[in-house]
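Written out below as structure tokens is the structure these notes cover.
The values are calculated or read from the model by the stated rules, or taken from the named source; none is laboratory data. These figures come from a predicted structure and were not determined experimentally. Using ideal geometry, Cβ is built from the backbone for each residue, glycine included, and neighbour counts are taken over all protein chains shown.
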Amino acid sequence: MVVGDVTTGTEVLVIGGGPGGYVAAIRASQLGLDVTLVEEDAYGGTCLNHGCIPSKALISATDIGHRASEAGRMGVHADPTMDLETMMGWKNRVVRRLTTGVETLCENAGVSLVEGRAEFTGRDSARVVHDGTGEGSESVEFEHAVVATGSRPIEVPGFEFDGEGVLSSRDALALESVPESMVVVGAGYIGMELAGVFQKLGCDVTVVEQLEQALPSYEEDVAAVVRQRAEGLGVEFHFGETAQGWERTDPGLTVRTENGDGTVTEFGAERCLVAVGRQPVTDTLDIGAAGLEASDRGFLETDDCAETSVEGVFAVGDVAGEPMLAHAAFREGEVAAEAIAGEPTALDQQAIPAAVFTDPEIGTVGMTEAAAAEAGFDPVVGQMPLRASGRAMTLDDTDGFVRVVADGDAGFLLGGQVVGPEASELVAELALAIEMGATLEDVASTVHVHPTLSEAVHEAVKGAKGRSIHH
């Protein structure tokens, strides 16, 4: 028997239970609004289930094994064995704990949870289709909506994901055995993170990239530190190569690429991971029914309160465009909920940091020197190499640097770039400084604990003032 349509009502309908969606739902409920959250797959979205959390779990596990095997000069001699089955089981338990926690947080906040796929039927109504025989569907009428449907991996023509030969990042994070070899198409942050994981697991990794450097969205000297470390691990890079096609061969597959001169090269491997970026999910929503229209790239454009061109309809997270970062989605979700509740609120994109969990890590926030000059500032720069950091030496991890960019006239911090151990943690200090409008003198006069990596931030700031002590 199929259950007929049932109509329910809510003040706020949130479509998608990823970082932006569940935060919007919880915050709106905290502000006294009646909230319904619809999730099609799993609470926590791609980030918790198939992206940020599982990838960082595997990065941490393989880093431990690799560092143990390389610690001979520190007097630690080990030959660790990496057991992928056990590693994946541990990763899955971490994921389940967090996703279950998200569901519990929503329920405790009073959010009504509905499982199914939502699509608009009008400006103030949506239809939720439930999976399973006899589950039927229901209609939801709402006053405000928050679209938080996230993104999916981009498929390259001719490289459609099959979960066997051609893998998405989601497929790669669920492998049950380590391939002997892998071709990674794309040297962006996802490709570089997973290339390091599988190389450390014992897989021979080859990265092909259409552009001329790894991590092309980052400054060349920042990306070079990561690339050189990866090459030291054994990762092989081929730049200026566009993936053209692949075919199955015994025992795996052959990937064909072409460079700017038209030269075709073939790379053999057991698996091919395609990691060329992510695209927003708007095609499942019937956005036109709500009066919405996506951009050429599929994003829903929003203002500084996360509201779309349709009054009362908001969009947060990856579906709303760059930066496609979970922590940006957190903030956007909060802002959307506060705007719906009539609270004074707005987004400040200037102070949103980004991180890449490669080996070593990258953390950036705000402007580069070139961007600051282009914006009309007279920038000053301070840089501290980690080879001069006592703490980095005691960690036996001295590749990289901390760089800060400031306005040469007023001294305000404008940006920072960190590449090295714990860069994702170190960049938080610079993000806070930018958000607060701190000056070089504010940070320079703040005493930092010794010996710590954060002293490199301190030294870089003092260097920008021309008074570095330890470099």
Quiz item: Residues in the range 120-141 that are under 31 Å from the mean Cα position of the chain (by Cα) and crowded, with 18+ Cβ neighbours inside 10 Å: how many?
Solution: 4
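Yes or no, residue by residue, for (1) modelled with pLDDT of 95 or more; (2) touching a His at 6+ places or on another chain (Cβ under 9 Å); (3) of a type in the set (S, T, N, Q); (4) not assigned by TED's automatic domain parsing to the domain that holds Ala326:
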{"position": "Val111", "(1), (2), (3), (4)": "yes, no, no, no"}
{"position": "Val114", "(1), (2), (3), (4)": "yes, yes, no, no"}
{"position": "Ala118", "(1), (2), (3), (4)": "yes, no, no, no"}
{"position": "Glu141", "(1), (2), (3), (4)": "yes, no, no, no"}
{"position": "Val147", "(1), (2), (3), (4)": "yes, no, no, no"}
{"position": "Phe159", "(1), (2), (3), (4)": "yes, no, no, yes"}
{"position": "Leu201", "(1), (2), (3), (4)": "yes, no, no, yes"}
{"position": "Val207", "(1), (2), (3), (4)": "yes, yes, no, yes"}
{"position": "Ala214", "(1), (2), (3), (4)": "yes, no, no, yes"}
Quiz item: Counting only residues that are in contact with a Ser or Thr (Cβ under 8 Å, 6 or more places away or on another chain) and surrounded by 18 or more Cβ atoms within 10 Å (Cβ to Cβ), how many does the range 421-459 have?
Solution: 8
Quiz item: What residue, of Ala320, Ala306, Ala269, Ala336, is surrounded by 23 or more Cβ atoms within 10 Å (Cβ to Cβ), at positive phi and of a type in the set (A, V, I, L, M)?
Solution: Ala306
Quiz item: In the range 300-320, what residues are under 14 Å from Glu334 (Cα atoms), in a strand (DSSP E or B) and touching a residue at least 40 places away in the same chain (Cβ under 8 Å)?
Solution: Phe314, Ala315
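Does the range 321-338 contain any residue that is within 15 Å of Gly20 (Cβ to Cβ), of a type outside the set (Lys, Arg), part of a strand (DSSP E or B) and touching a Leu at 6+ places or on another chain (Cβ under 6 Å)? Before the answer, list the steps.
We begin by selecting, within the range 321-338, every residue within 15 Å of Gly20 (Cβ to Cβ); these are 321-338.
With of a type outside the set (Lys, Arg) added as a condition, the list becomes 321-330, 332-338.
Going one step further and asking which of them are part of a strand (DSSP E or B), we end up with none.
Checked against the condition, which is being within 15 Å of Gly20 (Cβ to Cβ), of a type outside the set (Lys, Arg), part of a strand (DSSP E or B) and touching a Leu at 6+ places or on another chain (Cβ under 6 Å), the range 321-338 yields no hits at all.
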Practice problem: Enumerate the pairs (first residue in the range 81-93 and farther than 14 Å from Ile59 by Cβ; second residue anywhere and surrounded by 14 or more Cβ atoms within 10 Å (Cβ to Cβ) and of a type outside the set (A, V, I, L, M)) with beta-carbon separation below 7 Å, excluding pairs fewer than 6 apart on the same chain, so at least 6 apart or on different chains. | Solution: none
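Take the residues in the range 339-350 that are touching a residue at least 60 places away in the same chain (Cβ under 8 Å) and in a loop (DSSP other than H, G, I, E, B); name whichever of them is surrounded by the fewest Cβ atoms within 10 Å (Cβ to Cβ). It would help to see each step written out before you state the result.
Taking the range 339-350 as the starting set, the residues that turn out to be touching a residue at least 60 places away in the same chain (Cβ under 8 Å) are 340-341, 343, 348, 350.
After this cut, where a residue has to be in a loop (DSSP other than H, G, I, E, B) as well, the list is 341, 343, 348.
Details: Ala341: 17, Glu343: 13, Asp348: 11.
Once the filter is applied, the top-ranked residue is Asp348.
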Self-check item: Cβ-Cβ under 8 Å pairs, at least 6 apart or on other chains, the range 156-171 side under 16 Å from Thr254 (Cβ atoms), far side surrounded by 11 or more Cβ atoms within 10 Å (Cβ to Cβ) and of a type in the set (Phe, Trp, Tyr)
Solution: Gly158/Trp246; Phe159/Trp246; Gly165/Trp246; Val166/Phe159; Val166/Trp246; Leu167/Phe161
Quiz item: Would you say Gly400 is touching a residue at least 40 places away in the same chain (Cβ under 8 Å), closer than 25 Å to Leu58 by Cβ and outside the structural domain of Val226 (by TED's automatic domain parsing)?
Solution: yes
Quiz item: Just wondering, is there one or more residues in the range 350-370 that are modelled with pLDDT under 95 and either in contact with a Lys or Arg (Cβ under 8 Å, 6 or more places away or on another chain) or among the hydrophobic types (A, V, I, L, M, F, W, C) (or both)?
Solution: yes
Self-check item: the range 247-287, residues that are free of Cβ contacts under 8 Å to residues at least 24 places away in the same chain and under 27 Å from Ser151 (Cβ atoms)
Solution: Asp283
Quiz item: Yes or no: Arg96 surrounded by fewer than 17 Cβ atoms within 10 Å (Cβ to Cβ), closer than 26 Å to Pro54 by Cα and under 32 Å from the mean Cα position of the chain (by Cα)?
Solution: yes
Practice problem: With the condition kept exactly as written, say whether any residue in the range 456-470 is among the charged types (D, E, K, R) and out of contact with any helix residue (DSSP H, G or I) (no Cβ under 7 Å at 6 or more places or on another chain). | Solution: yes
Practice problem: Could you check how many residues of the range 323-333 are surrounded by fewer than 24 Cβ atoms within 10 Å (Cβ to Cβ) and at pLDDT 95 or above? | Solution: 7
Quiz prompt | Total residues in the range 410-441, condition touching a residue at least 12 places away in the same chain (Cβ under 8 Å), at negative phi and more than 24 Å from the chain's Cα centre (by Cα) | solution = 7
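Every residue, every condition in (1) farther than 21 Å from Leu173 by Cβ; (2) modelled with pLDDT of 95 or more; (3) in a helix (DSSP H, G or I), yes or no:
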residue: Asp221; (1), (2), (3): yes, yes, yes
residue: Val226; (1), (2), (3): no, yes, yes
residue: Gly245; (1), (2), (3): yes, yes, no
residue: Val255; (1), (2), (3): no, yes, no
Self-check item: Checklist (1) within 22 Å of Ser151 (Cα to Cα); (2) part of a loop (DSSP other than H, G, I, E, B); (3) not small (Gly, Ala, Ser) applied to Asn92, failing item
Solution: (2)
